[in-house]
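The values are calculated or read from the model by the stated rules, or taken from the named source; none is laboratory data. These numbers were taken from a predicted model, which means no experiment stands behind them. Reconstructed Cβ throughout: ideal geometry from the backbone, glycine too, with neighbour counts over all protein chains shown.
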């Protein structure tokens, strides 16, 4: 992979996460009955960081769940020959709550569709809202994020690579292309 451009550094990522966290609190008239679910892998650090920030600023604990949709992906064969399956960890009731579904990049929308299907297996929430760090366009199904860190128009040949200290050895967002 060849780096075409670096579009966000650590500080810009943190600024976006803090802004989105405050937008979530504002849109929901506070955080009562609001729960975060991060899509494994990089949606999880986003959810954890936003919950930590809201604890510091609003002094409210927002529970964070972890959702692994690996087995529900339509691109499973392109991820790895033997994909690693992790556990979904949702330790709160979903029924009649406001779920903020969190991921790093919104592309075709198929990952989000799969995640919503899995969440509905836990119960019917009052509402599901979507929060993504990057919306790169190219949606194949009618899914739109409620909270977006940054809109980054891309070509189909480009890939958005999000890196976090928690999951990678660096922290930034890059546009990369295959060599």
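Answer yes or no: is there a residue in region 164-178 that is surrounded by 13 or more Cβ atoms within 10 Å (Cβ to Cβ), farther than 25 Å from residue 22 by Cα and out of contact with any strand residue (DSSP E or B) (no Cβ under 9 Å at 6 or more places or on another chain).
No, that holds for no residue.
I want to confirm something. Restricting to region 35-76 and keeping residues that are outside any loop (DSSP other than H, G, I, E, B) and at pLDDT below 95, which single residue is nearest to residue 117 (Cα to Cα)?
So, considering only residues that are outside any loop (DSSP other than H, G, I, E, B) and at pLDDT below 95, the one nearest to residue 117 (Cα to Cα) is 72.
Any idea which residue in region 116-148 is surrounded by the most Cβ atoms within 10 Å (Cβ to Cβ), counting only those that are more than 20 Å from residue 32 (Cα to Cα) and in contact with a helix residue (DSSP H, G or I) (Cβ under 8 Å, 6 or more places away or on another chain)?
As a first pass, look at region 116-148 and keep what is more than 20 Å from residue 32 (Cα to Cα): 116-118, 120-121, 132-145, 148.
Subset that is in contact with a helix residue (DSSP H, G or I) (Cβ under 8 Å, 6 or more places away or on another chain): 117-118, 133, 140-141, 143, 148.
Working: 117: 11, 118: 17, 133: 28, 140: 10, 141: 9, 143: 15, 148: 18.
That would be 133.
Within region 7-17, identify whether any single residue is over 22 Å from residue 174 (Cα atoms), surrounded by fewer than 18 Cβ atoms within 10 Å (Cβ to Cβ) and out of contact with any strand residue (DSSP E or B) (no Cβ under 7 Å at 6 or more places or on another chain), and answer yes or no.
Step one: list which residues in region 7-17 are over 22 Å from residue 174 (Cα atoms), which gives none.
No, region 7-17 contains no residue that is over 22 Å from residue 174 (Cα atoms), surrounded by fewer than 18 Cβ atoms within 10 Å (Cβ to Cβ) and out of contact with any strand residue (DSSP E or B) (no Cβ under 7 Å at 6 or more places or on another chain).
Looking at residue 89, is it touching a strand residue (DSSP E or B) at 6+ places or on another chain (Cβ under 8 Å), touching a residue at least 60 places away in the same chain (Cβ under 8 Å) and surrounded by fewer than 19 Cβ atoms within 10 Å (Cβ to Cβ)? Before you say what the answer is, go through the steps one by one.
Numbers: touching a strand residue (DSSP E or B) at 6+ places or on another chain (Cβ under 8 Å): yes; touching a residue at least 60 places away in the same chain (Cβ under 8 Å): no; surrounded by fewer than 19 Cβ atoms within 10 Å (Cβ to Cβ): yes.
So residue 89 does not fit the description; no.
Of the residues 4, 32, 18, which is at negative phi and assigned to a helix (DSSP H, G or I)? Break it down into steps so the answer makes sense when it comes.
On the way: 4 fails: assigned to a helix (DSSP H, G or I); 32 fails: assigned to a helix (DSSP H, G or I).
Testing whether each residue is at negative phi and assigned to a helix (DSSP H, G or I) leaves just 18.
Given (1) under 28 Å from residue 12 (Cβ atoms); (2) modelled with pLDDT of 95 or more, identify the lone condition not met by residue 97.
Just one mismatch for residue 97, condition (1).
Count, please, the residues in region 24-44 that happen to be farther than 13 Å from residue 101 by Cβ and touching a residue at least 60 places away in the same chain (Cβ under 8 Å). Don't jump to the end; show me each part of the working.
So in region 24-44, the residues farther than 13 Å from residue 101 by Cβ come out as 25-33, 41-42.
With touching a residue at least 60 places away in the same chain (Cβ under 8 Å) added as a condition, the list becomes 27-28, 33, 41-42.
Counting residues in region 24-44 that are farther than 13 Å from residue 101 by Cβ and touching a residue at least 60 places away in the same chain (Cβ under 8 Å) gives 5.
For region 92-112, which positions are under 22 Å from residue 20 (Cα atoms) and surrounded by fewer than 17 Cβ atoms within 10 Å (Cβ to Cβ)?
Residue satisfying the conditions is 108 alone.
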